[in-house]
């Protein structure tokens, strides 16, 4: 079983549309995992059915029992997250600021504070309309443990792949370089970087590749909207060469991408689409390099 | 006044709106633009500016001093993040897991885990011809954006008075970095595109704003593609749509070269005027 992770640094470069297209091309030999748990979109294209859901608990939240609390302020004094508010002398927990460190409960002289496990989201196992196993999740609003939920989605996807003897786990990652991205990269066999020839596309590609490098994972790159700016595209191609990143495809700027999405389809399902061949070539190259 | 520019989905035009709006408003106001997308800060790519000041930003982590340590293991017990472990005769600290709560350090009976500063990123203060621009960037490999966002907001509070229009280019998503970047804003502008992805993520962002009890408005970018779901939804929920930036390959090309739009494309300037009018009604 091999794990392919698609990331981009910058958001909106076409990561999810391309991941879903790769999933379609991979057929039934793949387990698909949407690890962009903050703003998951792949279900829109893959339209999962027969979903089984589970709550995800991670971290804790401090709760003050006002019947016991003497309003001494010890919790307020130790909290480094400004999560204890004082309203007319009454100490209350600001749930969005509390990071669940538990320090307040440890110093409370009358044991008025308990930590409760925090429900930070839900994860789902389903089948896509292409009959592939699909694992996705939704992080609760403002929740803090996106990295752990990403790890959970990936682990479930891997377990299914092993049990069902599937060759690939295909992971749609999140934008950025922070904890959810770090979490999605761990254990990957190949990384697909999706970028665009813009100043920000290149800037973010370089930063996210620096992160990929720390994991020593082989990488390939798809340049989306490649004909938007030829100078920038060439700059990206040079960067790929210098860094030994496999250049997987140049996909032209084409509004049929958006049109396909508007119909909740992947671009490779559009008849006579030139892009279909380009993404198919990329998929073959990924297979060769993984 | 504090205005945060946010979106659920990435790549919908947060940075485009932030940089163009800051430049436009700076023609008649004191403006400071802050890039809080510390994982992938991009605003600076679109601005000609001169560096005024730079400082390292740190997070505090415990460092083991074995001299007086009795290996009692209290530190391991009090750490809810498994960032401190006792392994045989060693205390090991995992800085990337640490949330800087100080519990292990301050509850250590022998003061064997003093807190020390560890660099997590850099803040830079630039001057563009018309306004101030602040950017923070996280060191690659550092996972937690929130502490750096928090310290950057402190810098703005300390260095800029309330008569400034403070614009914050926020990170994408709906989780902790976005909450931190938007929670003190007087107005959050959610920018989206009229596609199924844009619409889905806009709804998540709107739910987040309701949860935070924020005043917010919507800007639709690449208007003309996709469908009318965003318009219809906002109508139904009485959410103001304060600008519609047209879908135009010319805009994408200017953007790709790191150029501002409002002085080159008249429709963009008109849309910024509309945003500016809306902001003035809130003052």
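Just so you know, all these numbers are worked out from the coordinates, no wet-lab data involved. Everything numeric here is computed off the predicted structure, so don't read it as measured data. Heads up, the Cβs are rebuilt from the backbone with ideal geometry, glycines too, and the neighbour counts pull from every protein chain shown.
If you average the C-alpha positions of region B:63-106 and of region A:187-205 separately, how far apart do those two centres end up, in angstrom?
Centre-to-centre distance over Cα atoms comes out at 37 Å.
Please list log₁₀ I(q)/I(0) at q = 0.13, 0.18, 0.19, 0.20 Å⁻¹ for region B:185-283, using the Debye equation with identical point scatterers on the alpha-carbon positions.
-0.48, -0.90, -0.99, -1.07
Given the Cα-Cα distance of residue A:213 and residue A:94 and 0.36 nm per residue of separation, how much length would full extension add, in nm?
On the way: separation 119, 0.36 × 119 = 42.84 nm, distance 3.86 nm.
Between residue A:213 and residue A:94, full extension yields an extra 39.0 nm.
Please report A:203, A:91, B:82 as a ranked list, fewest other C-beta atoms within 10 angstrom at the top and most at the bottom. Write down the numbers at each step before the final one.
Numbers: A:203 19, A:91 23, B:82 10.
Ranking A:203, A:91, B:82 by Cβ neighbours within 10 Å, fewest first, gives B:82, A:203, A:91.
In terms of the Cα gyration tensor, with a ≥ b ≥ c the square roots of its eigenvalues, is region A:225-290 rounded because a/c is under 1.5, prolate because a/b exceeds b/c, or oblate? Before the final figure, lay out each step's value.
Working: a/c = 2.99, a/b = 1.46, b/c = 2.06.
Taking the square roots of the gyration eigenvalues as a ≥ b ≥ c, region A:225-290 is oblate.
Take every residue in peptide B:36-44, count the Cβ atoms of other chains within 10 Å of its Cβ, and give the average of those counts.
Details: counts 0, 5, 3, 13, 14, 4, 8, 1, 3.
Mean number of neighbouring Cβ atoms from other chains: 6.
Report the FRET efficiency, 1/(1 + (r/R0)^6), for residue B:127 and residue A:163, where r is their Cβ-Cβ distance and R0 is 51 Å, rounded to 0.05.
Numbers: r = 59 Å, r/R0 = 1.16.
For residue B:127 and residue A:163, the calculated efficiency is 0.30.
Count the DSSP beta bridges whose two residues both fall in chain B, then state the antiparallel fraction as a percent rounded to the nearest 5. Don't skip to the answer; put the middle values down first.
Values: 23 of 50 bridges.
Given both bridge residues lie in chain B, the antiparallel proportion sits at roughly 45 percent.
Classify the protein assembly as shown as rounded, prolate or oblate from the Cα gyration tensor: take a ≥ b ≥ c as the square roots of its eigenvalues, call it rounded if a/c is under 1.5, otherwise prolate when a/b beats b/c and oblate if not. The partial results should precede the final answer.
On the way: a/c = 1.62, a/b = 1.22, b/c = 1.33.
The shape class here is oblate.
Which FRET efficiency value, to the nearest 0.05, do you get for residue A:242 and residue B:71 by plugging their Cβ-Cβ distance into 1/(1 + (r/R0)^6) with R0 = 60 Å?
The computed FRET efficiency comes out at 0.80.
Using a 10 Å cut-off around each Cβ of peptide A:210-223, what is the average number of partner chain Cβ atoms that fall inside?
On the way: counts 3, 3, 1, 1, 2, 0, 0, 0, 0, 0, 0, 0, 0, 0.
Partner Cβ neighbours, averaged per residue: 1.
Which order do B:154, B:231 fall in if you start with the one that has the fewest other Cβ atoms within 10 Å? Don't skip to the end; give the middle numbers.
Values: B:154 10, B:231 16.
Result, fewest neighbours first: B:154, B:231.
Taking the Cβ of each residue in B:64, A:123 as the centre, tally the other Cβ atoms inside 10 Å and list the residues starting with the fewest.
On the way: B:64 18, A:123 21.
Ranked by crowding around the Cβ, least crowded first: B:64, A:123.
State log₁₀ I(q)/I(0) for region A:179-282 at q = 0.23, 0.24 Å⁻¹ as given by the Debye formula over alpha-carbon point scatterers of equal weight, solvent excluded.
Listed by q, the Debye log ratios stand at -1.22, -1.25.
Tell me, what is a quarter of the convex hull surface for the C-alpha atoms of region A:76-163, in nm² with one decimal?
Working: hull surface 31.9 nm².
Average projection, Cα convex hull of region A:76-163: 8.0 nm².
With the calculation restricted to Cα positions, what are the radius of gyration and Dmax of region B:1-140 in angstrom?
Answer for region B:1-140, Rg first and Dmax second: 21.1, 65 Å.
Kirkwood Rh over Cα pairs of region A:60-119 into Stokes-Einstein at 37 °C, 0.692 mPa s: D in µm²/s?
294 µm²/s
Average partner chain C-beta neighbours within 10 Å, per residue of A:258-265?
Working: counts 10, 3, 0, 6, 8, 2, 1, 0.
The per-residue average across the peptide is 4.
At a Förster distance of 60 Å, what's the computed FRET efficiency of residue A:231 paired with residue A:110, Cβ-Cβ distance as r, to 0.05?
Values: r = 68 Å, r/R0 = 1.13.
E(calc), rounded to 0.05, equals 0.35.
Over all directions, average the projected area of the Cα convex hull of region B:64-113 and note it in nm². The partial results should precede the final answer.
Numbers: hull surface 11.8 nm².
With every direction weighted equally, the projected area is 3.0 nm².
What is the pair-distance distribution P(r) of chain A, computed from all Cα-Cα distances in 5 Å bins starting at 0, with each bin given as a whole percent?
Histogramming chain A at 5 Å steps yields 1, 6, 12, 14, 15, 13, 10, 8, 6, 5, 5, 3, 2, 0, 0 percent.
Under Stokes-Einstein, with the Kirkwood radius over Cα pairs standing in for Rh, what whole-number D in µm²/s applies to chain B at 20 °C and 1.002 mPa s?
Details: Rh = 20.5 Å.
Result for D is 105 µm²/s.
Within region A:121-139, whose backbone N sits under 18 Å from a point 7 Å along Cα→Cβ of residue A:50?
Within reach of a label on residue A:50: A:124-136.
Over all alpha-carbon pairs of region B:162-224, lay out the pair-distance distribution in 5 Å bins, whole %, shortest bin first.
Taking all Cα pairs of region B:162-224, the binned fractions are 4, 16, 29, 26, 15, 7, 2, 1 percent.
Which value in deg cm²/dmol, rounded to the nearest 500, describes the helix-derived mean residue ellipticity at 222 nm for chain A, given -39,500 (n - 2.57) per DSSP H run of n ≥ 4 and division by the residue count?
Details: 10 runs with 104 residues, N = 290.
Calculated mean residue ellipticity at 222 nm is -10500 deg cm²/dmol.
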